[in-house]
Each structure stands twice: as C-alpha cells, then as structure tokens.
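Working notes for the structure below.
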Amino acid sequence: MPVPYELLISQGRIADRTPGAIPGAALTAEALSKRTGLQPTVIGSPSPAKEDDWSASLPEAGETLAALQAAIAATLARGNKPLFIANTCSASLATLPVVARERADAVLLWFDAHGDFNTPQTTESGYLGGMVLAAACGLWESGHGSGLNPAKVVIVGARDIDPAEMDLLRQAGVCILSPTEATPEVILSLIGDAPVWIHVDWDVLEPKHVPAAYAIGDGLYPETLRAIFAAIAKEQIAGIELAEFEASEAALKNEAAIECLLGVVEPLLAWRGAASSQRRRSRVTRPFPDRPLRS
C-alpha cells in the first residue's frame, strides 16, 4: 500500500502578478479531488494580483506562507505525502525549507523553464517567484528558512536563465537539464534510489498545453513529462508541488488544460487507496467558491 497523499491548495496571494494563478490552482485542486477522492485543505484567501517588488510581496504573503509551512510539516509528520497545488512558485519559499529539514536525503526535481535562482542583488524583474530556489539554498534570507542542499537540486527543462543567475547556479553546483536533455533515463540516473520531491511549474511545457503566465517556447511536451513521471518509482516520491496554471475566462480552454495536466501527473499518483487516506478536511465551507475566472 503506497504512502497516502494529502491534497493541499494555496489560495492566498504569494506575489501573484497575473489574475489567473489563484483560480488555476482552485481548478487544479478541484479536478484532482474529483479524480482521487481526496478532500482539499485550503490555505489562504484570494486577493487581487498586482505588480509589486519582492520586498513588498514577501511580507504581504507572510501569513499564507507560515500556514503553508505548518500544513506541509504536519502532513509529513503524519507519514503522508503532500500533493500541493500552488498559485505561484513563490509558495515554495514555505515548502522547501521543510523538505530540507524533514527529508534531507531527497532530490529536488524542479521542472521549470526558469532557474528561480536570483537574489535581491541579481534580480532584474523584482519578482519573488524568480528567487525561490536561491532562498531555499541559503543565498538570501526570506524569513521562512533554508537548508536545501543545491547539490541535490535538478532543474529540468530550464531555458530562460539570466546571466548573473546562471553564475550563481554554477557556483552552487545545481544540475540543469535543458528540454532536450530531459529524458527518463537521465532523470533516473540522477536520482538513483533517493527520495524525490517533485515541483512542476507548467511553463516547463511547450506553450498552450497548460497555460502559464511566463510561458516560453521550446519546452517539454506533455508526453515527455508523463514518461519521466511514469519512470519514477512511486515509493520514491516524497511529495509533489504543481504551480502556475494560468486559468482564463474560457471554460473550454481551462477544461482542455486540466485534462492535459491530469494526464501528465497521473503516473505519479496511486489513485486507488488515496481517497481513503485523507485525514483532514478543508477549513473552509466551500473549498472552491463560485467566482468568475479572470483572463
């Protein structure tokens, strides 16, 4: 019997600059709940997206990040696997320090078109989501911990990395795989028998399959990512994070994206048995409140 999953969803703004990330996380969690029978635990309350610098968005997200950190730690303490649906990669400021502390032996597979390894000194955009891995590896202080070993980080599908950011990645010893280098065989050779924490930013894919705010061409195709996930032994999976699905007002477009998303991640999840394993229910009355999706 596989270790059970617990479904967690972030609905608080964590440096969201686009309006579709919070609804996208809600749609993803709703679909996974229906598919698996898991009842979601919802953390945070939605608020409008805005363009702001990391120095403003980080303290604003403090309450949500602290709640996420507590929820991930509690899930692991129960011996369960988090299945965490995030609006932005910035949410991993909360999760990765817990992984570093509780699963120090785990390899982090970070599927993302970007390096997310900027610091306050190197960032060109001021976007908090582009600084997550650097904070978790201790290159700057986020206030939510660090401890992640960069030698255990594999960025998969990266193809848009700033020059200063690349210097930091090389100095830290992070492994980077381009989309053409990302095959099941290469991934398996890198993770060996270690536990694996999987993070997916949907911009890792070729654009239009699962819309993402910062999509860029020449990405992985869904069938390639699915094949990678199918090759990883389920017992090695320590936790899963899915982030940055940008929902729109077009219902059919959202439905197609969700079907693609589910097809990609299905090999990671033991659908049978997962439904009976959820021990907590949402702290809100309506986990997916009715609200218009914004383009």
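Summary table
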item: Some residue of the stretch 142-164 being touching a Lys or Arg at 6+ places or on another chain (Cβ under 7 Å), of a type outside the set (D, E, K, R) and within 17 Å of Leu93 (Cβ to Cβ); result: yes
item: Single residue of the stretch 215-256 satisfying the filter (among the β-branched types (Val, Ile, Thr), more than 16 Å from the chain's Cα centre (by Cα) and open to solvent by less than 10 Å² (accessible area, probe 1.4 Å)) that is farthest from Asp193 (Cα to Cα); result: Ile228
item: Whichever residue in the stretch 166-183 is in a helix (DSSP H, G or I) and more than 20 Å from the chain's Cα centre (by Cα) and, among such residues, is farthest from Leu139 (Cα to Cα); result: Thr180
item: Lone qualifier among Ala227, Ala212, Ala194, Ala257 - being part of a loop (DSSP other than H, G, I, E, B), at pLDDT 95 or above, over 24 Å from Asn80 (Cβ atoms) and out of contact with any Cys (no Cβ under 8 Å at 6 or more places or on another chain); result: Ala212
item: Residue match in the stretch 40-51 (condition: at pLDDT 95 or above, closer than 21 Å to Ala215 by Cβ and not basic (Lys, Arg)); result: yes
item: Selection within the stretch 67-86 - open to solvent by 10 Å² or more (accessible area, probe 1.4 Å), farther than 21 Å from Gly24 by Cα, out of contact with any helix residue (DSSP H, G or I) (no Cβ under 6 Å at 6 or more places or on another chain) and in a helix (DSSP H, G or I); result: Ala70, Ala74, Ala77
item: Selection count where residues are over 21 Å from Asp105 (Cα atoms), open to solvent by 30 Å² or more (accessible area, probe 1.4 Å) and among the hydrophobic types (A, V, I, L, M, F, W, C), scope the stretch 137-192; result: 4
item: Residue ID - nearest to Ser189 (Cα to Cα), chosen from residues in the stretch 87-97 that are of a type outside the set (Gly, Ala, Ser) and crowded, with 24+ Cβ neighbours inside 10 Å; result: Leu96
item: Residues of the stretch 28-51 that turn out to be assigned to a loop (DSSP other than H, G, I, E, B) and free of Cβ contacts under 8 Å to residues at least 40 places away in the same chain, as a count; result: 7
item: Odd one out for Val132, checked against (1) open to solvent by 30 Å² or more (accessible area, probe 1.4 Å); (2) on the phi < 0 side of the Ramachandran plot; result: (1)
item: The stretch 54-73 residues that are more than 13 Å from Gly44 (Cβ to Cβ), paired with ones that are surrounded by fewer than 17 Cβ atoms within 10 Å (Cβ to Cβ) and charged (D, E, K, R) (beta carbon under 6 Å, 6 or more apart); result: none
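The values are calculated or read from the model by the stated rules, or taken from the named source; none is laboratory data. Please read these numbers as outputs of a predicted model, since none were measured by experiment. Note that each Cβ is placed from the backbone with ideal geometry, even for glycine, and that neighbours are counted across all protein chains shown. To get the accessible areas, we keep the full protein, side chains included, count just its heavy atoms, and leave off ligands, DNA and RNA. Shrake-Rupley method; radii C 1.70, N 1.55, O 1.52, S 1.80 Å.
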